[in-house]
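Structure first, commentary second.
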Amino acid sequence: MKRKWLGRGAIVLALVLLIVGVTAGAAFAGTDPKPVFKAPALAPGDVAVSLNLLWVVLGAVLVIFMQAGFALVETGFTRSKNAAHVFSMNFMIFGLAMVGFFLVGYAFMFGGYSFPGLFGLDKPVGDALIGSGNWTFLWKGGFALTDLGGIGKNAALGAPTAAFFLYMYAFMDTTATIPTGSMAERWKWKSFMVWAVFCGAIYFPLFGAWTWGGGWLAKLGDSMNLGFGYVDFAGSGVVHAMGGIAGLAGMLVLGARRGKFGPDGKPRTLAAHNIPMALLGTFILLFGWFGFNAASTLAATDVRFAMVATNTAISAGFGAVGGMIWAYRRMGKPDPGMMANGMLAGLVAITAPCAFVQPWAAAVIGFIAGILVVVSILFLEKRGIDDPVGATSVHGTCGIWGVLSIGLFASGDYGAGWNLTTSSLTKGSGVTGLFYSWDLGIRQLGAQVIGALVIIFVMGGIAYAFFKICDVLTKGGIRTSPEVEDMGLDRPEMGVLGYNDFTTSELVLAGEDPAQDKVLAHTESPDPTIGR
């Protein structure tokens, strides 16, 4: 009875917090001064506006579908006794991260909050969705989307903000889910929930505001004459490296899985339970990635999206080949897991430069990423860092490579005025890398290096501090007990088994048949974490 009342109390408390959050958001929005610039009414015949809005929404839907790909990849690469837990994290990140991003995250990232001349956007910019107007979606929105800019007959004025919120939410969702792979098979569900909300509310919006919200990194072109400032077209850094570095921080706090390293410190193979599932998930991610990159033009009327999509496919293909070749060289076998991670590495690396580079450069970027991911996975493993799915190497290492590649390969034929840069050094040119112009390229590379260092050390430090604080404040820490880890997290953490076809001995490990413990005690492996 006491447990039932506690459960009801928790539900009531959650509802109260949600209501308070929304009410507070509305209050904040109500006291915020109205934007100076207003959107023009959308004419019913303005096909370009409607087309661009549709383009953004379709892109968001494709990126959200990538969550299915992440769930399949991570679940396939881990062991069957944790399948329900791993898949559920990828499922629930959608709702939990939405709470944080909806209530406060979007407003912090794109709310027009600024310090004039130093950081932030002081006025609305761009007109990709509206056409000839002087208003943009990169402005306001309010806490809990309470300031969309129009009601009643003018409700269409809020459409660009709503569409952009959905698109940015899909990006944030990707960042939030990456650590679920790095920290799989030993992360407590309660701690995971806190991370999901924190990522949506604070972690992703903070660096996003510095980059895409007109922040100080975006202004490096004017403040320090570093090219066009920190440039990241679709998120190699903002999305992927941010998630990868958070996963690394979480792994450092959690430690390696039981049985991963032997007494001599050498890594053991804790075999993936379903390689076909992981490869299918990789294909789904490839499909969704075209929404990730191509739709980042934010306008179907910007035909550069064709080049973006083509570069995305090229880099993915060359990444898969690079991963396979390097796995052959190091392991003597092609290794399907490294093929998949090679393709994902190519996709991650091309995400930042996809609009600024030529196809030949996309091939080079992808191939190098395919090699880098294998090198990174083996490097981390040799140093006692246990990443069950290689997420930190795919998204962290190759995300940083994608960020830096802009400063090398950007051809200068796209991106004039990027980040609202007004420096005379960039007039008459698009974003340009070192291989096309020494002067502009070295400056642009400098901006990219600064952005990469901020991700690694500043955002990595924030992530590590977050997980460390959670570990101290959580009873028993954020890692499951050895007993729970040995039996698998499905039954103890989720209350269900991912598969109903377990053998009797596997059911014993999952706590399903205690009466058989004594009978099977002599038949079990001395290290039950090895294998399934």
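The values are calculated or read from the model by the stated rules, or taken from the named source; none is laboratory data. These numbers were taken from a predicted model, which means no experiment stands behind them. Don't worry about glycine lacking a Cβ; one is built from the backbone with ideal geometry, like all the others, and counts go over all protein chains shown.
Worth pointing out:
- Residue check for G441: within 23 Å of M172 (Cα to Cα) and in contact with a helix residue (DSSP H, G or I) (Cβ under 8 Å, 6 or more places away or on another chain): no
- The set of residues in segment 413-434 that are touching a helix residue (DSSP H, G or I) at 6+ places or on another chain (Cβ under 7 Å), surrounded by fewer than 22 Cβ atoms within 10 Å (Cβ to Cβ) and either free of Cβ contacts under 8 Å to residues at least 60 places away in the same chain or within 27 Å of F457 (Cβ to Cβ) (or both) comprises S423, S429, L434.
- Residue match in segment 203-215 (condition: closer than 30 Å to G255 by Cα, modelled with pLDDT of 95 or more and under 15 Å from the mean Cα position of the chain (by Cα)): yes
- Lone qualifier among A170, A196, A159 - being at pLDDT below 95 and either assigned to a helix (DSSP H, G or I) or polar (S, T, N, Q) (or both): A159
- Filter result for I462 (part of a helix (DSSP H, G or I), of a type outside the set (G, A, S) and surrounded by fewer than 17 Cβ atoms within 10 Å (Cβ to Cβ)): no
- Scanning segment 295-327 for residues that are of a type in the set (G, A, S) and not in a helix (DSSP H, G or I) returns A299, A300.
- Some residue of segment 415-430 being more than 21 Å from V357 (Cα to Cα) and either touching a strand residue (DSSP E or B) at 6+ places or on another chain (Cβ under 8 Å) or not small (G, A, S) (or both): yes
- When L217, L206, L226 are screened for being aliphatic (A, V, I, L, M) and surrounded by fewer than 23 Cβ atoms within 10 Å (Cβ to Cβ), only L206 passes.
- Condition met for I450 (of a type outside the set (S, T, N, Q), in contact (Cβ under 8 Å) with a residue 60 or more places away in the chain and closer than 28 Å to F192 by Cβ): no
Condition check ((1) part of a helix (DSSP H, G or I); (2) modelled with pLDDT under 50) across all residues:
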| site | (1), (2) |
| --- | --- |
| G30 | yes, yes |
| G45 | no, yes |
| L53 | yes, no |
| L58 | yes, no |
| F65 | yes, no |
| M89 | yes, no |
